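First up is the structure itself, then whatever we jot down about it.
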Amino acid sequence: METIIFFKWLGLTTLTLFLILGVAYWIKMAVTKICPNWKFWIKYKLFRRKFNKKDVEKLLQYLDAGMNKDDVLKFILLNSREKNPMKQAKEVLYIYSEMQKIERRNKNE
């Protein structure tokens, strides 16, 4: 009898765990679909981290040259020496878009 009770609770616990993990997965997927840059938003807006100076210097040159995001992405991917260049490129593009917002705000004032 005790064996049946053990397996009953084990099954219920396993089912509950899978349901919770499934809901957490779908919440993460929905957030990623709505806001793909949520990781960088948390890193730079919420935790107030500073941007990398070397990246900012390069991006200022690109901004002065009037490059759009696609050109910057191509340039970063071609010149990257990272193991995962797409991850670095997404972060640099986030920084570039923030710099563009600041520039537009300064022009409007």
Residue within segment 73-80 that is over 27 Å from residue 107 (Cβ atoms), outside any helix (DSSP H, G or I) and polar (S, T, N, Q) present: yes
Count of residues meeting criterion [over 16 Å from the mean Cα position of the chain (by Cα) and either surrounded by fewer than 15 Cβ atoms within 10 Å (Cβ to Cβ) or not assigned by TED's automatic domain parsing to the domain that holds residue 106 (or both)] in segment 70-92: 9
Segment 1-46: number of residues that are of a type in the set (Val, Ile, Thr) and surrounded by 10 or more Cβ atoms within 10 Å (Cβ to Cβ): 9
Options 40, 51; residue that is in the same structural domain as residue 82 (by TED's automatic domain parsing), closer than 24 Å to residue 75 by Cα and touching a Lys or Arg at 6+ places or on another chain (Cβ under 8 Å): 40
Matching residues in segment 44-67 - criterion: being outside any helix (DSSP H, G or I) and either under 13 Å from residue 98 (Cα atoms) or within 13 Å of the chain's Cα centre (by Cα) (or both): 50, 51
Lone qualifier among 13, 32 - being part of a helix (DSSP H, G or I), over 30 Å from residue 104 (Cβ atoms) and among the polar types (S, T, N, Q): 13
Cross-chain or 6+ apart pairs with Cβ under 8 Å, segment 69-80 first and over 15 Å from residue 97 (Cα atoms), then assigned to a helix (DSSP H, G or I): 75/62; 77/85; 77/86; 77/89; 80/88; 80/89
Single match in 26, 41 (criterion: aromatic (Phe, Trp, Tyr), assigned to a helix (DSSP H, G or I) and farther than 30 Å from residue 101 by Cα): 26
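The values are calculated or read from the model by the stated rules, or taken from the named source; none is laboratory data. Quick caveat, the model's predicted, so the values are computed rather than measured. Heads up, the Cβs are rebuilt from the backbone with ideal geometry, glycines too, and the neighbour counts pull from every protein chain shown.
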